[in-house]
Amino acid sequence: MPAEAEVAHDRADPGAITRYRCTLGIADGSAGEPAPAGFHWCLCNPRTSLSATGPDGHPLRQGDDLAARLPRRMWAGSKLTFGTRITPDAAVERSTIVRSLEEKTGRSGLLAFMIEDITIRADGAVAVEEERTIVYREAAKSELPLPADDGPMPDGWPIVETIRPDEVMLFRYSALTFNSHRIHYDLPYAQEEEGYPALVVHGPLVASLLMKAASARGRLATFRCQAVAPAFAGQNLHLAMREDDEALALRAIGGDGRTVMEASATLR
């Protein structure tokens with residue numbers, strides 16, 4: 001039998017749209033202007049009580065599958081198709097179906113890959129279709145070193161914007177998306193429990209910044225991204241873009257030259 005959809009409702013609050021623009025450094029739009037790409041991640045988020053959250057700040061996952069037993073989780077990437085635009089005050093519905101949950105073994109131990117099919121409707125019309133991958137992992141066995149931050153600018157990319165996500169940006173994005181994962185704001189937890197050297201920049205925030213870069217060329221039709229490595233607060237993040245056949249190739253690159261996220265986009 002097909003999985004039952006989880007349905008949530010929300011409203012595209014004009015103030016939230018403005019705060020999203022401010023957080024990403026997007027010029028404030030005129031009254032009634034549709035929300036920028038990526039704003040759908042600010043909508044229909046879980047309304048979980050504090051008593052139902054786990055030690056990491058995420059809602060506790062119910063059940064006895066591997067994903068419920070593994071203590072760490074991360075957003076690994078999304079494939080987005082854009083339809084109608086989300087306008088201020090639009091009534092929003094999000095339908096989420098878990099398509100698959102697959103167990104694997106990697107270098108870090110046991111892994112569980114969950115793929116969700118998500119449909120966002122605004123005033124009844126499809127605004128975003130998303131295939132989202134979440135990875136559940138074992139507890140950290142060692143601490144990651146803080147990457148170097150003094151490498152050269154990326155080569156082979158005609159368009160590069162360098163930003164430096166800081167604690168304020170991470171706090172704002174957590175608030176916008178109601179994301180209480182402690183790796184984004186609780187430094188002792190991030191270091192001592194999950195083995196990170198610094199606060200971790202949200203994967204969807206990195207993706208949204210790349211979508212902002214692509215949107216400067218026109219309205220997005222599709223956007224695909226895959227997280228490769230974590231980005232850390234207080235370090236340089238290069239947002240690179242070039243035209244590649246009929247699509248835009250995008251990449252987020254750390255200050256040490258490592259790839260943080262790979263992405264591609266097509267325009268309408």
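For this structure, a couple of remarks:
- Selected from D166, D245, D89 as most flexible by GNM, with the chain as the system and alpha-carbon contacts under 10 Å: D245
- Estimated from the Cβ-Cβ distance and a Förster radius of 30 angstrom, the FRET efficiency linking D123 and S51 is about 0.30.
- Mean silhouette area of the stretch 1-158, derived from the convex hull of its C-alpha atoms and averaged over all directions, reads 13.5 nm².
- As a rough footprinting exposure proxy, the listed residues S51, S174, S108 were ranked by other beta carbons within 10 Å of their own, and the order from fewest upward is S51, S108, S174.
- Scaling against 2.2 N^0.38 Å puts the C-alpha radius of gyration of the stretch 130-268 at 1.07.
- Where labels lie 7 Å past Cα in the beta-carbon direction, separation of R217 and R61 in nm: 3.5 nm
- For K212, a cut-off of 20 angstrom between C-alpha atoms picks up these lysines, skipping any fewer than 8 places away in its own chain: K79.
- Here's the list of lysines a cross-link from K141 could span, going by alpha-carbon distance under 30 Å and ignoring same-chain residues fewer than 8 apart: K104.
- Whole-Hz ³J(HN,Hα) from phi, Karplus 6.51 cos²θ - 1.76 cosθ + 1.60, for the stretch 77-91, glycine and proline x: x, 8, 10, 10, 10, 9, x, 5, 8, 8, 9, x, 6, 5, 6
- Inter-site label distance for E33 and V168 at 7 Å from Cα along Cβ, in nm: 2.2 nm
- Legend: ranking of residues F178, F113 from fewest to most surrounding C-beta atoms inside 10 Å; resulting order F178, F113.
- In this simple spin-label model, placing a label point 7 Å from the Cα along the Cα-to-Cβ direction at both I97 and D155 gives a separation of 4.8 nm.
- Added length on full extension, which subtracts the Cα-Cα distance from 0.36 nm per residue, T105 to E143: 11.7 nm
- Per-residue ³J(HN,Hα) for the stretch 161-176, Karplus 6.51 cos²θ - 1.76 cosθ + 1.60, θ = phi - 60°, Hz, x for Gly and Pro: 10, 10, 10, 9, x, 10, 4, 5, 4, 5, 4, 4, 5, 4, 5, 4
- Among A207, A52, A227, residue whose mean-square fluctuation peaks in a GNM of the chain (springs only between Cα atoms under 10 Å): A52
No value in this document is a laboratory result; all are computed from the given coordinates. What you see is a predicted model, and the numbers here were worked out from it, not measured in a lab. Cβ sites come from the backbone with ideal geometry, for glycine too, and all protein chains shown count toward neighbours.
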